[in-house]
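In what follows, a single structure is set out as structure tokens and then discussed.
Each reported figure results from applying straightforward, stated rules to the coordinates on display, with no laboratory input. From a predicted model like this one, the values you see are computed outputs, not experimental measurements. Virtual Cβ from ideal backbone geometry, glycine too; neighbours counted across all protein chains shown.
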Amino acid sequence: MEKKLKQDEEIQKIEKITGYQLPNKFKIIGLVLFVISFISIASISFYLEKMKYNDFLVRLAETGMILGLLIISISKEKIEDELIAKIRMQSYNYAVIGTVLIYLIMPFINLAVVASFSSMPKMDGSKDVAVLGVLLTIQIFTFRKLKRAYNEK
């Protein structure tokens, strides 16, 4: 009995974290943040190219852009039901798999393009492999933990 209670608590903790969503009105906030950040990147690159803190400002705008997309992504729909939850999970699944595949293929595409214009092509590897490693590791551990908790239920 105590083991079942502990498993239920564990499942509730994970569902509380993974099931968290912002209210629907945050989609507008995310969209505004994304658009402002996108315009800022273009403006900074064009008008403030030689400014001392150009790199910092571009990085700040890129962070705002990603944060805006994240806010849109985790905001609820006006009507949130099981179908929407399933569609959301499938879209996250496709997004992660697609990102990993594109990220792994891009260095080879880049090499092919560079090789066609250069006599000494150099293969540049992906710079943020650690991010993909962390993402996939968290997914695997979370999946295993949830699977174990639900199977013991």
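Note on Ser37, Ser118, Ser43, Ser73: ascending count of other Cβ atoms within 10 Å places them as Ser118, Ser43, Ser73, Ser37, the fewest first. Considering only alpha-carbon pairs that sit under 8 angstrom and 6 or more positions apart, the relative contact order computed for the chain is 29 percent.
Please identify the DSSP H helices in the chain that span no less than 18 Å along the helix axis (Cα) and have a mean Kyte-Doolittle hydropathy of 0.0 or more. Length and hydropathy pass: 26-47, 54-73, 82-117, 129-152. By other beta-carbon atoms within 10 Å, ranking Tyr53, Tyr20 with the fewest at the front produces Tyr20, Tyr53.
For Ser75, the residues whose amide H sits under 5 Å from its own are Leu22, ignoring neighbours fewer than 5 places away on the same chain, with H placed 1.01 Å from N. Per residue, the average separation of C-alpha pairs within less than 8 Å and at least 6 apart gives segment 22-75 a relative contact order of 62 percent.
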